[in-house]
Structures are given as structure tokens and as C-alpha cells.
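The structure appears below as C-alpha cells.
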Amino acid sequence: EKGGYKHFMLKEIHEQPRAIADTIRGRVLPDASKVVYKELGISFEDLALTQRIYLVACGTSYHACLIGKYMIENMAETPVEVDIASEFRYRNVPFEEGSLFIAITQSGETADTLAALRFAKKSRVKTLAICNVVGSTASREADGVFYTHSGPEIGVASTKAFTCQIVALYLLTLAMAKAKRIFTADLYSGFLRHLIMLPRMAEEALKLEDKIMELAKEVYRKQNFLYLGRGPLYPVALEGALKLKEISYIHAEGYPAGEMKHGPIALVEEGFPVVFIVSDDLYFDKTLSNMQEIKARDGFIITISDSKDEKLKKLSDRFIYVEGINTYLNTVLFTIPLQLLAYHVAVLRGCDVDQPRNLAKSVTVE
Ligand code: M6R
């Protein structure tokens, strides 16, 4: 049942190229000219008229929401609010005309996410669920449902469901940008062609496993980790930290790198591991200077990047190069080595990877 893998989590990490391909299948025309809107569970007109989006979820699915915000605001030019479901449900949000509420939930059964969805419905806002489990409560109650086709996720730590949620958000964003006539046809099909490359590139990222295993051997006895990233890579930092803490019980925090000086840097001392997730984007130089600050305090810098910049490599104690595609899809590719790192650290610590203590696969009580 584990397909030859030692744990479901490892199997599910390795299933990502296929899961992503299944989530894309049937939703993009083969010549990359168009997203098939009908499959999104919401009409073309509704997408064009959407003025504001609320993305709401818990845990890892909440991290997907944060990535969605960067995508939708930048590519579909529509303001997005992101909230944790347990907060949202009690916030009494005054919805405006033209709002679209999107719940993201692998199981479709998370109590707080369902309560937030019901609140939105009661407020007569159009609702959509991005959901993995067919026929789940969220999928039945939302006005529209966009299924991720990850296949069953058994490991308590979410892996393939997360990366497929990002793919779903990317498709939704492109459909919305098209509905709002934001992109030229060329730009649009360029973004779709990138998406079609994603399963193969995810396969490449999985080949980093041996390197990650070596790294895990070096760091698995550490007691604290800091994960830093900016822009769409900030939620990737949060997700990397959550994966590690869930299954290895090591204290790990994710932070936007720009916030480092406002507190977390106080933690850094000799050998303190800091994982930088960095891309050659508008934040690059700023993140380099954050790295210098860590270096000056003898922190142990682990870098995950699609850049081959020499300064970056020199500042890094360990450097993991990941071939990238574009700013948004790199969130998927950079997540893979972080999942593998969490997994191998947990195994070395003798933890029960698939059934971590105190956690349930779906949290059906408040
Ligand atoms: O089924 P859902 O996506 O609604 O679940 C949300 C969270 O409970 C879930 O992502 C949780 O944080 C996982 N343990 C993360 O690995």
C-alpha cells in the first residue's frame, strides 16, 4: 500500500509530479492557449465581475492561500484578503458587493473552515471550495468546487495536497486574468506553458533527495530552525517550518526575511540553522544582506535557490540549487526539498512520520 516507500509521507512527496499533472489535466488546452473555465466551478462572468477575494483555510492550506494572494493580486489585479479560518469565522467580516469567498481544504471536513464557509454563504457571498476529497462537506456546501486531483493523502503532514492547491490557484488566477482581459494572448499562454512544465520540473526537484539526506544528517540534532523568504517565498518558508515542526518536533519558525531584524535575529548564535528560500527577483539583494547579518553572527545558512549567484553561494554554508520556472510556480519546486528535509530529519530522530503525536489528519472539532 505504501508502494515500496517506508512511509506514506515519502510516497506522497514522490507522487507530486503525477498529482500535479492530474490537477492540470483537462483544464488547459493542449496548445496552452486557454484554461477550461467550466472546470473551475465558477462562471467566466463571475470571474470577470469579482472585485475582492477572501481566501480562508487552516494549517498548510492557509499557506496555499498566502501564495494565492501574491498570484491573484499581481496577475489578476484583484485585491485578496487571507485569513485563518478560526479567526475569520468570528470576525464578522463586512463583505462588499462582488466578493468571492474561497475555502481551501484538502479534506473538506475541517470544522473551522466549514464554519467560515457557512458564514460567507449566510452573508450571500459567492463561495468556492478548492478541495481534494470528492463529495466532502465543503465540496457539497460551496456554490462551486474546484477539485485538486492529488489522490488520497494519508500522511498527516500535507504534501501533495499543498502543491496541487498552488496549481489550482494558479489556474484560477490565469482564468481570472483572462476574464478581466489583463493579459495579452502571448503572456497568457506563456504562463500556461510554464504550468505544463511543472510536473517534469517537480521530478527534477525530487532528484535532490540524496543531497537533502546528507544535509539532514548534519542538522537533525539541532533544536531550533528559522526559515526565511520574501514575496511568494515567504509562505514557502512558513510551510517549510510547519513541516519540520509537525513531524520532527523541532521548534521551527517561518518569517518574512524583511522582518528578521525586528526580532528573530536575536535567536541567532553560532551554528543556529537558518534556511533561506531565495530567488533572483526584486528581493534578491535585500535577502543577501539578511544573509550577511546571519553570517556575521555565525549562524548556519542553508540556501534553497534557483540562482547561481556567486555571492549567494559564498554566503551559504549549504547550497541547494533548484531549477526554477517562474516566481509563482517556484513555490511548488522550492517546497519539495523542504518536505524532504523535514521527512529525513524526522526519520533520523526516530519520529512517527505518518502519525505525529497530538495531530489528526483532519480537525473536525473546533
Ligand atoms: O484538510 P484541510 O486542508 O482543511 O486541513 C487543514 C490543516 O489541518 C492541515 O493542513 C494541517 O495543518 C496539516 N497537518 C499540515 O501538514
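The values are calculated or read from the model by the stated rules, or taken from the named source; none is laboratory data. Worth saying up front: this structure is predicted, and the values here are computed from it rather than measured. Using ideal geometry, Cβ is built from the backbone for each residue, glycine included, and neighbour counts are taken over all protein chains shown. Heads up: the accessible areas ignore ligands, DNA and RNA and are worked out on the full protein's heavy atoms, side chains in. Shrake-Rupley method; radii C 1.70, N 1.55, O 1.52, S 1.80 Å.
Within the range 1-12, track down each residue that is surrounded by fewer than 24 Cβ atoms within 10 Å (Cβ to Cβ) and among the aliphatic types (A, V, I, L, M).
Leu10 - this is the single residue of the range 1-12 that is surrounded by fewer than 24 Cβ atoms within 10 Å (Cβ to Cβ) and among the aliphatic types (A, V, I, L, M).
Give the residues of the range 224-271 that are charged (D, E, K, R) and either under 17 Å from Ile336 (Cα atoms) or in contact with a Ser or Thr (Cβ under 9 Å, 6 or more places away or on another chain) (or both), sorted by residue number.
Arg230, Glu239, Lys243, Lys245, Glu246
Across the range 105-116, what is the number of residues that are open to solvent by less than 10 Å² (accessible area, probe 1.4 Å) and either hydroxyl-bearing (Ser, Thr, Tyr) or away from the ligand (no atom under 11 Å from the Cβ) (or both)?
Selection size over the range 105-116: 2.
Taking into account only those residues within the range 316-327 that are open to solvent by 20 Å² or more (accessible area, probe 1.4 Å) and hydrophobic (A, V, I, L, M, F, W, C), which is nearest to Met197 (Cα to Cα)?
Per the stated criteria, the residue is Ile325.
With the condition kept exactly as written, say whether any residue in the range 128-150 is under 19 Å from Pro199 (Cβ atoms), more than 9 Å from the ligand (Cβ to nearest atom), within 16 Å of the chain's Cα centre (by Cα) and of a type in the set (S, T, N, Q).
yes
Which one of these is within 16 Å of the ligand (Cβ to nearest atom) and open to solvent by 10 Å² or more (accessible area, probe 1.4 Å): Val353, Val365, Val332?
Val365
Pairs under 7 Å by beta carbon, first residue acidic (Asp, Glu) in the range 300-320, partner in a strand (DSSP E or B), six or more apart or different chains?
These pairs meet every condition: Asp317/Phe300; Asp317/Ile301; Asp317/Ile302.
Applying the selection to the range 151-171, what residues are more than 11 Å from the ligand (Cβ to nearest atom), among the aliphatic types (A, V, I, L, M) and either assigned to a loop (DSSP other than H, G, I, E, B) or open to solvent by 10 Å² or more (accessible area, probe 1.4 Å) (or both)?
Of everything in the range 151-171, just one residue is more than 11 Å from the ligand (Cβ to nearest atom), among the aliphatic types (A, V, I, L, M) and either assigned to a loop (DSSP other than H, G, I, E, B) or open to solvent by 10 Å² or more (accessible area, probe 1.4 Å) (or both), namely Ile154.
Residue check, Val35 against (1) crowded, with 24+ Cβ neighbours inside 10 Å; (2) among the hydrophobic types (A, V, I, L, M, F, W, C); (3) modelled with pLDDT of 95 or more; (4) away from the ligand (no atom under 16 Å from the Cβ), all met but one. Which one?
Against the list (1) crowded, with 24+ Cβ neighbours inside 10 Å; (2) among the hydrophobic types (A, V, I, L, M, F, W, C); (3) modelled with pLDDT of 95 or more; (4) away from the ligand (no atom under 16 Å from the Cβ), Val35 comes up short only on (3).
Every residue, every condition in (1) of a type in the set (A, V, I, L, M); (2) open to solvent by 60 Å² or more (accessible area, probe 1.4 Å); (3) more than 16 Å from the ligand (Cβ to nearest atom); (4) modelled with pLDDT under 95, yes or no:
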| position | (1), (2), (3), (4) |
| --- | --- |
| Ile42 | yes, no, yes, yes |
| Leu47 | yes, no, yes, yes |
| Leu55 | yes, no, no, no |
| Gly59 | no, no, no, no |
| Glu77 | no, yes, yes, no |
| Tyr90 | no, yes, yes, yes |
| Pro94 | no, yes, yes, yes |
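Residues are listed down the side, and each one gets a yes or a no for (1) touching a Ser or Thr at 6+ places or on another chain (Cβ under 9 Å); (2) among the basic types (Lys, Arg):
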{"site": "Val275", "(1), (2)": "yes, no"}
{"site": "Leu288", "(1), (2)": "no, no"}
{"site": "Tyr328", "(1), (2)": "yes, no"}
{"site": "Phe334", "(1), (2)": "yes, no"}
{"site": "Lys361", "(1), (2)": "yes, yes"}
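In the list Asp309, Asp317, Asp354, which residue meets the criterion of being among the charged types (D, E, K, R) and at pLDDT below 95?
It is Asp354.
Let me confirm something: among Asp281, Asp354, which residue is farther than 30 Å from Phe191 by Cβ, part of a loop (DSSP other than H, G, I, E, B) and either touching a Cys at 6+ places or on another chain (Cβ under 7 Å) or of a type in the set (Asp, Glu) (or both)?
Residue meeting the stated conditions: Asp354.
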